[in-house]
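Engineer: Here's a structure for you.
The values are calculated or read from the model by the stated rules, or taken from the named source; none is laboratory data. Just so you know, these numbers come straight off a predicted model, no measurement behind them. As a convention, Cβ positions derive from the backbone with ideal geometry for all residues, glycine included, and neighbour counts pool all protein chains shown. To get the accessible areas, we keep the full protein, side chains included, count just its heavy atoms, and leave off ligands, DNA and RNA. Shrake-Rupley method; radii C 1.70, N 1.55, O 1.52, S 1.80 Å.
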Amino acid sequence: MREFGYQRVHDVPGAVALRGEEPAARYLGGGTNLVDLMKAGVERPALLIDIRELPLDRIEATASGGLHIGATVTNSDLAAHPRVRFGYPALTQAVLAGASGQLRNMATVGGNLLQRTRCGYFTDTALPCNKRSPGSGCPAVAGEHHNHAILGATEHCVAVHPSDMGVALAALDAVVSYETADGPGELAFTDFYLPVGDTPHRETALPGGALITGITLPPAPVAANSRYRKVRERASYAFAIGSVAAALEVRDGVVRDARLALGAVASRPWRARTAERALIGGPASAEAFEAAADAELAAAEPLPHNRYKVALMRNLVVAVLTELAEQADPAEETVR
Amino acid sequence: MTTTTGTPVTTGAVGTAHSRVEGRDKVTGAARYAGEIPFADLAHGWMVASTVARGRILAVEDAPVLAMPGVLAVLHHGNAPRVDAEFIGQLGQPDPVMAAFQHDRVPFVGWPVALVVAETSEQAREAAEALVVRYDTEPHDVAFYPDRPGTYLPENTPMLTAETAKGDLEAELAASAVVVDARYTTPEEHHSSMEPHAATARWEGGRLEVHDSNQGSKWVADELAALFSLDPASVRVRSEHVGGAFGSKGVRPHQVLAVMAATVLDRPVRVVLTRHQMFSVVGYRSPTVQRVRLGADADGRLRGLDHQSQSVTSTVFEFVEQSASIARILYGADAHHTVNRVVPLDVPTPTWMRAPGEAPGSFALESAMDELAEKCGMDPIALRARNEPGAGPVSGLPFSSRNLNACFQEGARRFGWADRDPRPGLRSEGRWLLGTGTAAATYPSGVAPSTAAVTAEADGTYTVRITAADVGTGARTALTQIAADALSVAAERVRVRIADSDFGPAMVAGGSTGTRSWAWAVMAAAGELREQLALGGDVPPQGITARSNTAELVGSLPPKERHSFGAQFAEVAVDVSSGEVRVRRLLGIFAAGRIVNPLTARSQLVGGMTWGLSMALHEEAIRDQMSGGHIGADLAGYHFAANADVPLIEADWVDDPVPDDPVGGIKGIGEIGIVGVAAAIANAVWHATGVRHRDLPIRPARVLLAASARPSDEQAASEDGSLA
């Protein structure tokens, strides 16, 4: 394998400064995706800046009653935190639906957002891929795409974002904070990922060299009644072929608040605002849930081998919303 | 041969549970595998594979790579030692993929085009990834689909009967009250042994020594000798521990490249294949398209049986997946036709993979039998009982033993089959529809000549030497038990040494023939030794050794149909709104002769059944039509069952005596466990949902599309690119 530098940093300004000195550097969190990509030759960093010792490993309540999650908090610690389990159960469920115990012990929250697609063309350097090698083409459109995008894709790229955690964060209105040499910044989660367009290699709105420092969840009573459900091709150790994160507040049979995000359908966790608008103020009925799902999926443009996803997502949205509506008392929500 | 083995006097080792004799070494890490045996002055080779599917190599630009740190050599077709691949080995002609670097032609993606050798594995890898190979690319064709042009009927060989036919099939089908005519497909599947292929070669005192991971060290040694035109006595291959093989570990490019490099550099060289490379150069199970036609009287008696299989091979070697052959054993019919056809494409050559033929063949035939039972309104087990043949359905030969009915009866009792409502789509639990299914299993119980040596040591212990292979199955332990009984001593006094080609010719660990073949040789040598010891006198310091060769004994076996049988039962839960299928339990009851070691036998059967589950629901290698290569050729992209997919699996057996058997009724059990499982699961999915799944794997996409399609709109279920 290629030789590369490795340096552990202990403070955020030092990390950002080091990154500024070496454009071909990468921040190393848990390494659960980056190291794989290095083995495959997709990533060839000159320097790994190990950020796991940064003081970003805390989960703390915010003044407004929300939650701030440091970027180096591990997936395992995030999923186990009582404030997350009871205040944002969909997030715990999403994290636990991903990877394995060993990987979750290594993987970090910041790294999770920046993991790359598992599209087989992206990870094989012998093949074209616009995301890896801009302008080389997207063979997935006419090739193997059974787990590719049905929403928001273009002919330049039909890959999906693999994160489970991100789907819950999209539904929960998370805000991503980062640090650059010029100071800190913030991005709403829905603005964090860029549209595919004709630049699928540009994935996030983070400024160059920026270090994700944390994620803030705003207070959201509706989130206490939330769920994440993932469907995959084996019972464990596989990425989603479709997933849903949803939160629902129902009173007197009427949907008062709703949050909905879809996974494994687009280049980013897909916030389903069209469906949310259809739901809020309407009846908490199966017909209304079906109509909301259909409204969101009306924009779907499936490829020949992934049209099953339209039916899958419709069924999943309806099933998860129905379960949430039937949940009599959100306080009884337990994490499985 | 002077000894008659007969039924040995037993001390009770055979038939009782023994943990693996090398178990402690394995769990403590003391056991060394081929890729981790230390050598002084070891160099490391890294294989470079073609990225094009068809063409010629124009240039291997080795000069820049030779200047990289630690690089010792770059071997390719322009400079590699010549080898002679025109020979017939123990198991036939070799796949030319192992005769690397002999010409400039590229017949598939993944074909070996160069080996970079360096001081360290990391340096070799970095240089290999930097090596530029230029090709003159030609258009390729890797599209496998039903009845595609180029499909042909292969010639018969000693290892292949392409076609059998008796009776007037069309007339019997026309006269049948009930007919099933269905097409089934299975995808390309891979062995995926946990341990990658690895070999270290060195010249030592004029001999070529290879430490390898294989299924037959004498087999590999003889093939290397033939390839490099060496005296077979000057080649020694050892393979002490093997982390899974499943048919993929014969002579493959890694040993040949290691020998080439060791010869050129005159120092030890190790070559380890990557997981990605294993998808192209160690063989795989061909995808199949199978058409099964069954015609029966209203009472289920078969009048016509037609099983046609189509598989793929490479353009450089013919390997035929004999999926239709299982019908020659399982069921008789007035008119009976089986045929195995093949089509060459620009893909790697397939090979034997656990239950070659029977694994995909049983999915088609045993699914079709379930469809016939449905159409006849019969219980699936009763239908099979009605069609039990008294003799080989094609050969007419008597069965050495056939206890398939007993397997079904015992399985039905333990599974609770009697309470089953045969109607589909009636049971549910929350979002899950529940169903149960069953299928028959069979696999040949073959035997092949082997030699063994048994030594009575002066200290009262015994040493057995035989070129057997323990590919993780427990063969070393089973042979210890067999030798102990044959010698009438405690197993603790027997030491079994295996997997060293210097021990002489023996059958490979393959085709469920290993234990039976080796057992016979060990029993024969032990019998001979006991006769010598019976003469009295002291054992000298060098011990007393008796040798055996079972060639004549094997040749004198009367012709019979010799097979193992089994009945597989599955319970599944299906969520048709998400497409998820979960197997809730599996039960396999087998008639597999005399079970030598119940502990490891059960483990091997459960392993086979687990693979059958994986075949039913998960496994499928995706070939990209544009590049001709795989997409996702690693263990993240190629899904097999994860722990969470594997439910309670029970494997057990019924008494299966084999009268007058010279090997005491021992059969092989390596393959039988996987056979029929996928059909039992598919049949259970039908019972749960009312939908027949004739294409494997039963992925969520297929379940979803079937659920959203009209019942008559069967085309929809295959529109997710099943054979693309």
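Engineer: Given Cα pairs under 8 Å that are at least 6 residues apart, what percent is the relative contact order of chain B?
Structural biologist: The normalised contact order for chain B reaches 17 percent.
Engineer: Two decimals is fine: what's Rg over Rh for region B:369-435, C-alpha atoms, Kirkwood radius as Rh?
Structural biologist: For region B:369-435, the value is 1.09.
Engineer: Which net charge results for the neighbourhood of B:GLU429, defined as the other residues with beta-carbon distances under 12 angstrom from its beta-carbon, given Lys and Arg at +1 and Asp and Glu at -1?
Structural biologist: +2
Engineer: Where the accessible area of chain B is counted over protein heavy atoms with a 1.4 Å probe, how much of it, in %, is carbon and sulfur?
Structural biologist: 51 percent
Engineer: State the antiparallel share, in %, of DSSP beta bridges confined to chain A, rounding to the nearest 5.
Structural biologist: Roughly 85 percent of the DSSP beta bridges within chain A come out antiparallel.
Engineer: While we're looking at this one, here's another question. I'd like the projected area of region B:433-561, averaged over all directions, using the convex hull of its alpha carbons. Report it in nm² with one decimal.
Structural biologist: In nm², the orientation-averaged hull projection of region B:433-561 is 11.0.
Engineer: May I ask for the net charge around B:ARG134, where only other residues with Cβ less than 13 Å from the Cβ of B:ARG134 are counted and Lys, Arg are +1 while Asp, Glu are -1?
Structural biologist: -3
Engineer: Partner chain Cβ atoms within 10 Å, averaged over the residues of A:237-243 - can you pull that number for me?
Structural biologist: The shielding value for this peptide is 4.
Engineer: Another question, if that's okay. Looking at region B:617-699, which trypsin sites (Lys or Arg not before Pro) are in a loop (DSSP not H, G, I, E or B) and have at most 13 other Cβ atoms within 10 Å?
Structural biologist: Of the trypsin sites (Lys or Arg not before Pro), not one in the loops of region B:617-699 has a Cβ with at most 13 other Cβ atoms within 10 Å.
Engineer: Right, something else. Using packing as a proxy for protection, rank B:480-487, B:72-79, B:218-225, B:146-153 so that the peptide with the highest average count of other Cβ atoms within 10 Å comes first.
Structural biologist: Listed from highest to lowest mean packing, they are B:480-487, B:218-225, B:72-79, B:146-153.
Engineer: Further, regarding this structure: Name the shape class, rounded, prolate or oblate, that the alpha-carbon gyration tensor gives for chain A, where a ≥ b ≥ c are the square roots of its eigenvalues, rounded holds for a/c under 1.5, and otherwise prolate holds if a/b is larger than b/c and oblate otherwise.
Structural biologist: Oblate.
Engineer: Once each part is reduced to its C-alpha centroid, what is the distance from region A:204-248 to region B:45-100 in angstrom?
Structural biologist: Measuring centre to centre over Cα atoms gives 47 Å.
Engineer: Quote the charge dipole size of chain B about the Cα centre in Debye, to the nearest 20; the model charges only the Cβ of Lys and Arg (+1) and of Asp and Glu (-1).
Structural biologist: Approximately 900 debye in magnitude.
Engineer: Count charges around A:THR180 for me, please; just the other residues with Cβ under 12 Å from its Cβ, Lys/Arg as +1, Asp/Glu as -1.
Structural biologist: Within the 12 Å Cβ shell, the charges total -2.
Engineer: Considering the alpha-carbon set of the protein assembly as shown alone, what are its Rg and its Dmax in angstrom?
Structural biologist: 30.6, 100
Engineer: Considering only DSSP beta bridges where both residues belong to the protein assembly as shown, give the percentage that are antiparallel (nearest 5).
Structural biologist: If we restrict to bridges inside the protein assembly as shown, about 80 percent are antiparallel.
Engineer: Something else now. Using every pair of alpha-carbon atoms in chain B, split the distances into 20 Å bins beginning at 0 and state the percent of pairs per bin, rounded to integers.
Structural biologist: 17, 49, 30, 4, 0
Engineer: Once every Cα of region B:145-274 carries one equal point scatterer and solvent is ignored, give the base-10 log of I(q)/I(0) from the Debye formula at q = 0.19 Å⁻¹, two decimals.
Structural biologist: Scattering profile of region B:145-274, log10 relative to I(0): -1.06.
Engineer: Right, another one. Quantify how strongly other chains surround peptide B:300-313 by giving the mean number of their Cβ atoms within 10 Å of each of its Cβ atoms.
Structural biologist: What the average comes to for B:300-313 is 0.
Engineer: By DSSP, what percent of the beta bridges with both residues in chain B are antiparallel, rounded to the nearest 5?
Structural biologist: 75 percent
Engineer: Across the residues of B:635-641, average count of Cβ atoms on other protein chains within 10 Å?
Structural biologist: Rounded to a whole number, the mean comes out at 3.
Engineer: Here is a further query. Would you grab the residues whose amide H sits under 5 Å from the one on B:VAL52? Only those 5+ places off in sequence or on another chain, please, with H modelled 1.01 Å from N.
Structural biologist: Residues meeting the amide H criterion: B:GLY110.
Engineer: Counting only helical runs of four or more DSSP H residues, what would the 222 nm mean residue ellipticity of the protein assembly as shown come to if each run contributes -39,500 (n - 2.57) and the total is spread over all its residues?
Structural biologist: Computed mean residue ellipticity for the protein assembly as shown: -7500 deg cm²/dmol.
Engineer: Let's see if you can work this out: charge +1 on each Lys and Arg Cβ, -1 on each Asp and Glu Cβ, no other charges. What is the dipole magnitude of region A:221-329 about its Cα centre, in debye to the nearest 20?
Structural biologist: 520 debye
Engineer: So which trypsin sites (Lys or Arg not before Pro) in region A:112-209 are both in a DSSP loop and have at most 16 other Cβ atoms within 10 Å of their Cβ?
Structural biologist: Of the trypsin sites (Lys or Arg not before Pro), the ones in loops of region A:112-209 whose Cβ has at most 16 other Cβ atoms within 10 Å are A:ARG202.
Engineer: Arranged from highest to lowest average of other beta-carbon atoms within 10 Å per residue, in what order do the peptides A:189-196, A:220-227, A:108-115 appear?
Structural biologist: A:108-115, A:220-227, A:189-196
Engineer: Okay, moving on. Which value, in debye to the nearest 20, gives the size of the charge dipole of chain A about its Cα centre, when Lys and Arg are +1 and Asp and Glu are -1 at the Cβ?
Structural biologist: Its charge dipole is roughly 660 debye.
Engineer: Can I ask one more? Quick check: convex hull over the Cα atoms of region B:108-160, volume per residue in Å³, rounded to an integer?
Structural biologist: In region B:108-160, the Cα hull volume divided by residue count equals 185 Å³.
Engineer: Once amide H atoms are built 1.01 Å from N in the peptide plane, which residues 5 or more positions from B:GLN322, or in another chain, come under 5 Å H to H?
Structural biologist: B:GLY357
Engineer: Next question, about the same structure. Taking the alpha-carbon distance from B:LYS166 and a cut-off under 29 Å, which lysines remain once sequence neighbours fewer than 8 residues away in the same chain are dropped?
Structural biologist: List returned: B:LYS375, B:LYS560.
Engineer: Right, next: Indicate the gyration tensor shape class of region B:203-243 (rounded, prolate or oblate), computed on the Cα atoms with a ≥ b ≥ c the square roots of the eigenvalues: a/c under 1.5 is rounded; otherwise a/b larger than b/c is prolate and the rest oblate.
Structural biologist: Oblate is the answer for region B:203-243, as a/c is 1.5 or above yet b/c matches or exceeds a/b.
Engineer: To continue, here is another question. Whenever you get a sec, compute what percent of the accessible area on region A:165-231 sits on carbon and sulfur atoms (1.4 Å probe).
Structural biologist: The nonpolar share, carbon plus sulfur, comes to 51 percent.
Engineer: Pull up all non-local amide H partners of B:ALA335: gap of 5 or more, or a different chain, and H-to-H distance under 5 Å with H placed in the peptide plane.
Structural biologist: Counting only residues 5 or more places away or on other chains, the set is B:GLY304, B:LEU305.
Engineer: Right, something else. Mind listing which trypsin sites (Lys or Arg not before Pro) in region B:17-98 are in a DSSP loop and have 15 or fewer other Cβ atoms within 10 Å?
Structural biologist: B:ARG32, B:ARG82
Engineer: Working only with C-alpha atoms, what are the Rg and Dmax values of region A:5-50, expressed in angstrom?
Structural biologist: 10.5, 31
Engineer: Assuming a viscosity of 1.567 mPa s and a temperature of 4 °C, what translational diffusion coefficient in µm² per second does Stokes-Einstein assign to region A:221-329, Rh being the Kirkwood radius over Cα pairs?
Structural biologist: The estimated diffusion coefficient comes to 93 µm²/s.
Engineer: Express the relative contact order of region A:75-165 as a whole percentage, based on alpha carbon pairs under 8 Å and six or more residues apart in sequence.
Structural biologist: The normalised contact order for region A:75-165 reaches 28 percent.
Engineer: Over region A:5-50, with the other protein chains present, what is the accessible area per residue in square angstrom, probe 1.4 angstrom?
Structural biologist: 46 Å²
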